[in-house]
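Remarks on the structure that follows.
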Amino acid sequence: PLLITAFIVFLIAGLIQGLLADGGIILQLIGTVVSLVATAIYTGFVVKLVEDVRDGSRDFSVGDLISSASPYIVPLIVNGVLRGIAIAIGLILFIVPGLILLTIWAVTSPAIVVEKVDGIAAFGRSSELTKGQRMNVFVTILVVFLITFVVSFIVLAIGASIGTGALIALSILVATITQPIAALVASVLFFD
């Protein structure tokens with residue numbers, strides 16, 4: 001279910017981003033928002049899967065996984081866009097505030113899906129959940145980032161040298177492979 005769902009979500013997002021890539025800065029920003037939304041939605045799906053398998057068996061099919069997380073799509077989108085903007089500003093301006101926000105808001109998507117909080121309240125809930133464990137959360141996020149960055153960099157460098165079509169296809173492939181890792185980490189951090 002992880003890979004099938006990732007492929008579906010990131011195929012759609014990748015195609016939209018590919019269409020917007022050559023349209024100027026505004027369309028590229030819209031493409032970035034599409035990527036943030038896809039990541040937030042996918043993380044919501046994975047949270048439901050992790051919640052399902054915590055009892056020792058997987059009961060959800062891919063369709064069940066998608067439908068069980070679908071009521072949370074709007075809060076996940078709102079949260080994903082706001083979180084992405086705030087972290088980006090923090091990283092651009094001072095780096096450290098961006099890393100702090102990235103850490104304290106590491107489990108916003110799981111809080112939305114499991115605890116049914118809204119997209120804004122999830123920021124506070126994530127901060128509560130990570131309190132006292134922030135160094136562990138940060139190191140975990142850093143390791144996941146390094147793994148996904150190295151894989152993405154190598155594959156996308158190859159795609160960029162081949163051409164735009166290859167770059168779009170490889171971007172979808174990279175997201176399909178790396179996003180399950182990040183989503184699983186967010187889910188496990190939440191439950192732990």
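The values are calculated or read from the model by the stated rules, or taken from the named source; none is laboratory data. In this text, all values refer to a predicted model and were calculated from it rather than measured experimentally. For neighbour counting, all protein chains shown are included, and Cβ atoms are generated from backbone atoms with ideal geometry for every residue, glycine included. All accessible areas refer to the heavy atoms of the entire protein, side chains included, with ligands and DNA or RNA removed. Shrake-Rupley method; radii C 1.70, N 1.55, O 1.52, S 1.80 Å.
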Exercise. What is the calculated FRET efficiency for Ala166 to Ile73, with r their C-beta to C-beta distance and R₀ = 30 Å, to the nearest 0.05?
Worked result: 0.45
For this session: Just name one of Ile12, Gly23, Val37: the one whose Cα is farthest towards the positive end of the charge dipole of the chain (beta-carbon charges, Lys/Arg +1, Asp/Glu -1).
Result: Gly23
Exercise. Given Cα pairs under 8 Å that are at least 6 residues apart, what percent is the relative contact order of segment 45-140?
Worked result: 25 percent
For this session: Please calculate how many Å² of accessible area segment 150-192 carries per residue, with a 1.4 Å probe and no DNA, RNA or ligand atoms counted.
Result: 51 Å²
Exercise. So which helices of the chain fit the span-like rule, where a helix is a whole DSSP H run, its Cα atoms reach 24 Å or more along the axis, and its mean Kyte-Doolittle is at least -0.5?
Worked result: 2-20, 25-53, 73-93, 134-162, 164-191
For this session: Would you rank Ile104, Ile120, Ile77, Ile92 by solvent-accessible area, highest first, keeping every protein chain in place and using a 1.4 Å probe?
Result: Ile92, Ile120, Ile77, Ile104
Seminar exercise, completed: Inter-part gap, Cα centre of segment 32-54 to Cα centre of segment 138-158, in whole angstrom, is 18 Å
Exercise. In the chain, what percent of the accessible surface is made up of carbon and sulfur (1.4 Å probe, ligands and nucleic acids excluded)?
Worked result: 75 percent
Exercise. When the dipole is taken about the Cα centre of segment 4-80, and only Lys, Arg (+1) and Asp, Glu (-1) are charged at their Cβ, what size is it in debye, to the nearest 20?
Worked result: 100 debye
Problem set entry | Residue-normalised accessible area of segment 2-47, expressed per residue, 1.4 Å probe, Å² | 49 Å²
Exercise. Under a point-charge model restricted to the Cβ atoms of Lys and Arg (+1) and Asp and Glu (-1), what is the dipole moment magnitude of the chain relative to its Cα centre, in debye to the nearest 20?
Worked result: 300 debye
Problem set entry | Distance histogram in 5 Å bins (all Cα pairs of the chain, percent per bin) | 1, 8, 15, 20, 22, 17, 11, 5, 1, 0
Exercise. Build a GNM of the chain with springs between Cα atoms under 10 Å: which of Val78, Val34, Val143 gets the top mean-square fluctuation?
Worked result: Val143
Problem set entry | Virtual spin-label span in nm between Ile158 and Asp118, 7 Å along Cα→Cβ | 4.6 nm
Exercise. For segment 73-114, what is the relative contact order in percent, using Cα pairs closer than 8 Å and at least 6 residues apart in sequence?
Worked result: 37 percent
